[in-house]
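In what follows, a structure is listed as structure tokens, so that the remarks can point back to it.
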Amino acid sequence: MTPPHHTGYRREIDGLRAFAVLSVVAFHAFPGAVPGGFVGVDVFFVISGFLITSHIFEKLDQGEFSFADFFQRRIRRIFPALLVVMSLSLLFGWLVLLSDEFNQLGLHVASGAAFISNFVFAAEAGYFDAAAELKPMLHLWSLAVEEQFYILWPLALWVAWKLRVGLLILTLIVFVASFVVNVAYATSHPVEAFFWPFGRFWELLSGSLLAWVTVHRAGPLASETVRKLAGGLGLVLLVVSVAVIDRTAAFPSWWALLPVLGSVLVIFGGAMAWGVAPLFTNRVAVWFGLISYPLYLWHWPVLSFLHIAEDDVPHRDARIAGVLLAILLAWLTYRLIERPIRFGTFREPARSLWLAAVMVAVGLAGVVISRSDFSDTHTARTVYLRGGLEHRIGPSSRWFEGRDDWLFLGNSYDRTVAKLRSDSPPPPDEVEEIRALFAEISETAARSGTRVALLVGPNKSSVYPEYLPPELTPADSRYFEAFARALAPVPNLTFHDPTAGFLRDKEAEGELYYRTDTHWNSKGAFLAWDGLMQALGLPVPEVAFSPGPEVRGDIIEIAGMERFPLRPGDNWLYEFRRDFELERRGIPDATVTDSFGLREVVTNSNPPSDMTVWVIGDSFASSVKPFIEASFREVHHKGHWNERLPRLADDLDAAEEKPDLIVIIRVERSF
């Protein structure tokens, strides 16, 4: 038998690490410049799968594999820098975070210490979840996936080796199964496919497959020319990945093949591959590769805390300074913490046991923080470095209590309070971007005789300012008005903002929004829809309303106010005065991933208008949905505007059957 090949240090792999980490950092700091930079995580998975599985294969072939040795190596590699970042993040969070924010940070540190962050973040993902930028430990999901892999995979390989099952066959079987899970769930369950390990293991296993071939090769894997070509092609795939893939793509899915295959080919080609040596083996690239792990750990907390302190996207100069600070912290962590602990003379297993004990202590501290009440010590008046806190009202960053038991969204959701106060006007480039987008859609629609309508869902605070807390006074002009002025002259666009009508009619019609919810109720939705249809010159079905039961609104759930008083009068039951039947059929559409992206076609047997309509909306569209379906012969629910609007013109241009009307429903605060 040919003795196994022993892997050694390869400078180009450190350079590949540099590419991965700098792509991720650039994406988080400047997402518009590097739209696909997040694929750097997938590159890390391949590198890790290759290097660590190579070590396992070598030790199994030599009959020297030890679980104790393997996990001690993992602890020495992972724990030192991670402990520093999590501990200092908790200390910094104590100074700058509000009560509920500090609770959440504690939970995320605890889950990070237990390497289950990916499951926690998958469970949190949703409409009322805090924005990703407000979670300093969010990036630990990828570390959790990797460690879950290294808990299961060495055991599977060892069992297969003991049973004399081919390790390559096992690797191929698990690789294919994981990839199938990835493709099957990337569109139907996008959050789980992104965070859960089952659809991610194939990325690490792609490195494992290359490791098996490398360790067990009997001679050169391929000719020098083939390796040069392969590595050069891999480099091209990596560049294409960060340039072409963006956050709107269903990911991982098939898209992840680009960075994964690119990484495999670069590692396969080695330093001799075309373009690899000058890019990945120079001193700068290798240096960034050596600090890539602590840099990955540091960059996101730094950028996240900057966002929290500003209560908005930090200025470009602040983000540049944040990246430079993260690089400095990464270098210091590597030199003063990681290297001395990882390669020091302190004997095993005592060193690993001490690191594990400290990790348990930090995790328990996170648990205690997550379950403690800091409402008296972490308020807008007691925390530091929060220049944006003048926009925040109440004990939570996501909700606040008004008069007479009315609840409103807080500022961390689309900067709701800041926009209500109009503390700063909308940037002209954002206004122009919205105008240009609707102009393109309207122009494309006009060519096929399709009309376009935009229905805006006003913020509850715009309609019921009298119930806002006394310390919050809305500005004389709405933040949204700049967008309204820009959209008004767009040809072939019927734009309806029902705010003025709501303010005029709310006394006569009764409450049009839920007191403890963020949305308009069914009557508010119908009046808004009726106003749009009048502007279009189209009929609406007659509807009778009657008082409904009390509603336990969504803000009660997110605020955890179990005993908050409910009041009658803000809910309405409705009944159509026209008989009709609806037939529904789903639309298989792999491009729609948003949880609010309704995808179905609804046919009405007896509509007042014999038209085909496309509907693109958000959560405000849910209450309008019954009235839309009662109004037209055929309604196509196409998905969420966040995904659909940027490509709506192309979708319409490519459609064989054009709709008569496109209705877009969008809440005011999202502008």
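The long axis of helix 167-185 is offset from the longest Cα principal axis of the chain by roughly 10 degrees. A 1.4 Å probe run over the protein chains yields, for the stretch 600-671, 30 Å² of accessible area per residue, whole-number rounding.
Per residue, the stretch 17-95 exposes 32 Å² of accessible surface when a 1.4 Å probe is rolled over the protein heavy atoms with every protein chain present. With a simple spin-label model that places each label point 7 Å from the Cα along the Cα-to-Cβ direction, the separation between V191 and V236 comes to 4.0 nm. Relative to the longest principal axis of the Cα atoms of the chain, the long axis of helix 11-29 lies at roughly 20 degrees. With Cα atoms as the point set, the stretch 532-578 shows a radius of gyration and Dmax of 16.2, 46 Å. Between D579 and A508, the FRET efficiency from the beta-carbon distance, with R0 = 30 Å, is close to 0.55.
Compared with the dominant principal axis of the Cα atoms in the chain, helix 67-96 is inclined by about 40°. Dipole magnitude for the chain: computed about the Cα centre from +1 point charges on Lys and Arg Cβ and -1 point charges on Asp and Glu Cβ, it is near 2920 debye. Close amide-amide hydrogen proximity is noted between G553 and T516, each under 5 Å apart and 5 or more residues distant or on a separate chain (H modeled in the peptide plane; Pro and chain starts excluded).
Computed from the C-beta positions of R339 and E481, the FRET efficiency with R₀ = 51 Å rounds to 0.35. Extension gain, D414 to A277: 0.36 nm times the residue separation minus the Cα-Cα distance gives 44.8 nm. The accessible surface of the chain, taken with every protein chain in place and a 1.4 Å probe, is 60 percent carbon and sulfur. Our helix-only sum for the chain, with -39,500 (n - 2.57) per DSSP H run of n ≥ 4 divided by its residues, gives a mean residue ellipticity at 222 nm of -17000 deg cm²/dmol. The gain in end-to-end length when the E471 to A177 segment is fully stretched comes to 100.2 nm, 0.36 nm per residue minus the alpha carbon separation. Note on E562 and S622: with the Förster distance fixed at 25 Å, the Cβ-Cβ geometry gives a FRET efficiency of about 0.50. The label-point distance for V360 and R552, in a model that sets each label 7 Å from Cα toward Cβ, rounds to 3.9 nm.
Alpha-carbon geometry of the stretch 100-218: the Rg and the Dmax are 16.9, 59 Å, given in that order. Here the label points at E432 and A122, each 7 Å from Cα along the C-beta direction, are separated by 4.3 nm in the simple model. Taking square-rooted eigenvalues a ≥ b ≥ c of the alpha carbon gyration tensor, is the stretch 229-358 rounded, prolate or oblate, where a/c under 1.5 means rounded and, failing that, a/b exceeding b/c means prolate? It comes out oblate by the Cα gyration axes. log10 I(q)/I(0), Debye, Cα-only the stretch 437-521, no solvent, q = 0.14 Å⁻¹? Each listed q maps to, in turn, -0.62. Taking the empirical scaling 2.2 N^0.38 Å for compact globular proteins as reference, the stretch 16-155 has a Cα radius of gyration ratio of 1.19. Here's how it looks for I665: its modeled amide H is under 5 Å from those of L455, I616, G617, D618, which are all 5 or more places away or on a different chain. From the largest down, the stretch 156-201 spans 38, 14, 9 angstrom on the principal axes of its Cα atoms. Segment D404..M611, full-extension length gain: 70.2 nm, with 0.36 nm per residue of separation and the alpha-carbon distance subtracted. Rounded, prolate or oblate: which fits the stretch 179-242 when a ≥ b ≥ c are the square roots of the eigenvalues of the alpha-carbon gyration tensor, with rounded for a/c under 1.5 and prolate only if a/b beats b/c? Since a/c reaches 1.5 but b/c is at least a/b, the shape of the stretch 179-242 is classed as oblate.
Normalised per residue, the accessible area of the stretch 402-528 is 40 Å², obtained with a 1.4 Å probe and no contribution from ligands, DNA or RNA.
Our analysis of the chain gives Rg over Rh at 1.01, with the two radii drawn from alpha carbon positions and Rh computed by the Kirkwood formula. Along the axis of the charge dipole computed for the stretch 1-97 (Cβ charges of +1 for Lys and Arg, -1 for Asp and Glu, origin at the Cα centre), the listed residues G37, G49, F92 are led at the positive end by F92.
Need one word for the stretch 411-553: rounded, prolate or oblate. Basis is the Cα gyration tensor (sqrt eigenvalues a ≥ b ≥ c); a/c below 1.5 gives rounded, then a/b vs b/c decides. Judged from the Cα gyration tensor, the stretch 411-553 comes out oblate (a/c at least 1.5, b/c at or above a/b).
The values are calculated or read from the model by the stated rules, or taken from the named source; none is laboratory data. Just so it is clear, the structure is predicted and the values come from calculations on it, not from any experiment. Note that each Cβ is placed from the backbone with ideal geometry, even for glycine, and that neighbours are counted across all protein chains shown. Surface accessibility is based on the protein's heavy atoms, side chains included, excluding ligands, DNA and RNA. Shrake-Rupley method; radii C 1.70, N 1.55, O 1.52, S 1.80 Å.
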